[in-house]
Structures are given as structure tokens and as C-alpha cells.
1. Would you check if S39 is touching a residue at least 12 places away in the same chain (Cβ under 8 Å) and among the small types (G, A, S)?
2. Looking at segment 77-94, which of its residues are assigned to a helix (DSSP H, G or I) and either more than 24 Å from the chain's Cα centre (by Cα) or not hydrophobic (A, V, I, L, M, F, W, C) (or both)?
3. Among the numbered conditions (1) surrounded by 13 or more Cβ atoms within 10 Å (Cβ to Cβ); (2) modelled with pLDDT under 95; (3) charged (D, E, K, R), tell me where D78 comes up short.
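The values are calculated or read from the model by the stated rules, or taken from the named source; none is laboratory data. Treat the numbers as computed from the prediction; the structure is a model and nothing was measured. Using ideal geometry, Cβ is built from the backbone for each residue, glycine included, and neighbour counts are taken over all protein chains shown.
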Amino acid sequence: MELRVTESSENELSIEIAGEDHTFMNVLKGALLEHEQVSAATYDVNPEQSGGQTEPILTIKTERGVDPLDALEEAAVDIREKTVAFREAFEAAA
């Protein structure tokens, strides 16, 4: 996965996530929005015709004093934990 920060401030982060589509971006956005310190999480995928952007850009806004990069890390850990739990439940059911 290739990541590129496009904008960064104290309480907002925009990051381009190369090679991903709506499936992953919706999961990531949902995990971010489960955290109280995240006030907004959105992503945008523009078609090539609108300036050449084809990779999704995730934007995270956090409450004052909360680093959006920390919120992203926590969301990634949550996704990993849920994925492992699902795999274990699936394997136990087989």
C-alpha cells in the first residue's frame, strides 16, 4: 500500500491511498468514525476527467489536541483485530 500525505495540520490530515477502492475506503472511514475523537472522516475518488486524480484521498478531522495520524493508527488496529476475530470465527465454524 502506497500512502502520500497531501495536507496536514494539527487537527486535519489528508492522505492519498494508492491502489484502493470503495471497499477498503468505506471500512477505513467507518473505523475512524467509531472513535469519539474523530469529528469527521471522508474520502474522495475523483475520476480522471476532474484533474487527473484517480487514487482515493482520505481526510480525517479530529477534536482539538488529538493527532489525526494517531486516530488513523487506532482505526487500522481496530480493523486488524476485527479481521482476525472474523477469520478465527469462520475457521471454528468450518
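1. So S39 passes the test.
2. D78, R80, E81, K82, T83, R87, E88, A89, F90, E91, A92, A93
3. The single condition D78 does not satisfy is (2).
Results for (1) part of a strand (DSSP E or B); (2) at pLDDT below 95; (3) at positive phi, shown as yes or no for each residue.
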site	(1), (2), (3)
R4	yes, yes, no
L13	yes, no, no
E16	yes, yes, no
T23	no, yes, no
L28	no, no, no
L32	no, no, no
A40	yes, no, no
N46	no, yes, no
G52	no, yes, yes
